[in-house]
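Engineer: Take this structure, written in structure tokens, and hold onto it; I'll ask about it next.
The values are calculated or read from the model by the stated rules, or taken from the named source; none is laboratory data. Owing to the predicted nature of the structure, the values given are computational and were not obtained by experimental measurement. Cβ sites come from the backbone with ideal geometry, for glycine too, and all protein chains shown count toward neighbours. Heads up: the accessible areas ignore ligands, DNA and RNA and are worked out on the full protein's heavy atoms, side chains in. Shrake-Rupley method; radii C 1.70, N 1.55, O 1.52, S 1.80 Å.
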Amino acid sequence: MTDINLKGKKAIVTGGAQGIGARICKELAACGADVLVNYRASQAKAEALVQELKSVYGVEAYAVQADISVPEKVDELFAHADARLGRVDILVNNAGVENISHILDLEECEWDRIMGTNLKGAFLCAQQAGRRMQRGGGGVIINISSIHDTVPRKGLTHYCTSKAGLQMLSKCMALELAEDRIRVVTVSPGAIETEMNREEIAAFGVDKFNRWIPQGRIGCVADVAPVVAFLCSDRASYITGTDIYVDGGYSLSTIQYDPRPKERNTES
């Protein structure tokens, strides 16, 4: 998205080594931003991405390991940002985890693990970034949520709850930080195919998703990243505290039967 100008901006993307996060890193770099790629375990992918950002887009890029569910690691992450970026203009809270469990079998440790990354970790990073943005005269925080921040799903009580909390966190932060010229927006993707879930989607049935999604196709990471870049730019300077759904209408289509007549009446 070369028509979006982020030249000179300094960005942190959590969970940026792969999937949606990696594409967001590339999109921000393509628009001119220097990018710090946070990862938890995917060191090789993060370092390869950093080299790509530098060579293809000519920006500064860094890979920093940190488990954002741990406060001390978040402190270290932002210490690296201070040393390497100098300031923080953009934070994309993309890191997220999930697993499937029946509500009656859901163990407390799994509840804590999901909440620790998806909600607590996003809060810790947003707080650290917000403090720096306040001193620097403003910035943008994008929280990557999911359509399941409003649409419940069986087996994902902890995940859906964490994303619902993230949505409200965004609204509260937007309200409090508007006076400091800090914008906070939630981006909620629907069914998005990545290298991590491609086999799972194929096993479940791509055709099923394509029937359920009103636009007739599963989304891809390229559907999400340009939206984030736009929201980080001055073109979105009057957008804060809202939720952007990137889902092809999926969240509007929870009823999977069509009672309409098979033959349409086309007479006026």
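Engineer: Residues of the range 15-24 being touching a residue at least 60 places away in the same chain (Cβ under 8 Å), touching a Lys or Arg at 6+ places or on another chain (Cβ under 9 Å) and buried (at least 24 other Cβ atoms within 10 Å of the Cβ), which ones?
Structural biologist: Gly15, Ala22
Engineer: Determine the pairs where a residue that is more than 16 Å from His148 (Cα to Cα), located within the range 89-116, has a partner that is among the basic types (Lys, Arg) and part of a loop (DSSP other than H, G, I, E, B) with Cβ atoms under 6 Å apart, the partner being 6 or more residues away or on another chain.
Structural biologist: If the second residue must be among the basic types (Lys, Arg) and part of a loop (DSSP other than H, G, I, E, B), the pairs left are Asp89/Lys9; Ile90/Lys9.
Engineer: Just to be sure before I move on: is Ala122 surrounded by 21 or more Cβ atoms within 10 Å (Cβ to Cβ) and small (Gly, Ala, Ser) in the structure I sent?
Structural biologist: So Ala122 fits the description; yes.
Engineer: Shifting gears a bit: Just to be sure I understand, how many residues within the range 205-215 are open to solvent by less than 40 Å² (accessible area, probe 1.4 Å) and either within 26 Å of Asn143 (Cα to Cα) or modelled with pLDDT of 95 or more (or both)?
Structural biologist: 2
Engineer: If a residue has to be of a type in the set (A, V, I, L, M), open to solvent by 10 Å² or more (accessible area, probe 1.4 Å) and in contact with a helix residue (DSSP H, G or I) (Cβ under 8 Å, 6 or more places away or on another chain) to count, how many in the range 71-85 make the cut?
Structural biologist: Counting residues in the range 71-85 that are of a type in the set (A, V, I, L, M), open to solvent by 10 Å² or more (accessible area, probe 1.4 Å) and in contact with a helix residue (DSSP H, G or I) (Cβ under 8 Å, 6 or more places away or on another chain) gives 0.
Engineer: OK, next. State which residue pairs qualify: first residue of a type in the set (D, E, K, R) and inside the range 237-254, second residue surrounded by 15 or more Cβ atoms within 10 Å (Cβ to Cβ) and not in a loop (DSSP other than H, G, I, E, B) in any location, beta carbons under 7 Å apart, and separation of 6 or more residues or different chains.
Structural biologist: Correct list of pairs: Asp243/Gln167; Asp243/Thr186; Asp243/Ser188; Asp247/Ile147; Asp247/Pro189; Asp247/Gly219.
Engineer: If you don't mind, there's one more thing I want to ask. Which members of the range 120-147 meet the condition of being under 25 Å from Gly249 (Cα atoms) and not in a loop (DSSP other than H, G, I, E, B)?
Structural biologist: Those that are under 25 Å from Gly249 (Cα atoms) and not in a loop (DSSP other than H, G, I, E, B): Ile141, Ile142, Asn143, Ile144, Ile147.
A quick yes/no check of all residues on (1) among the small types (Gly, Ala, Ser); (2) open to solvent by 20 Å² or more (accessible area, probe 1.4 Å); (3) at positive phi:
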residue	(1), (2), (3)
Gly116	yes, no, no
Ala129	yes, no, no
His158	no, no, no
Lys171	no, yes, no
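Engineer: If you go through the range 31-40, how many residues are without any contact (Cβ under 8 Å) to a residue 40 or more places away in the chain and either open to solvent by less than 10 Å² (accessible area, probe 1.4 Å) or more than 23 Å from Ala83 (Cβ to Cβ) (or both)?
Structural biologist: Of the residues in that region, 2 qualify.
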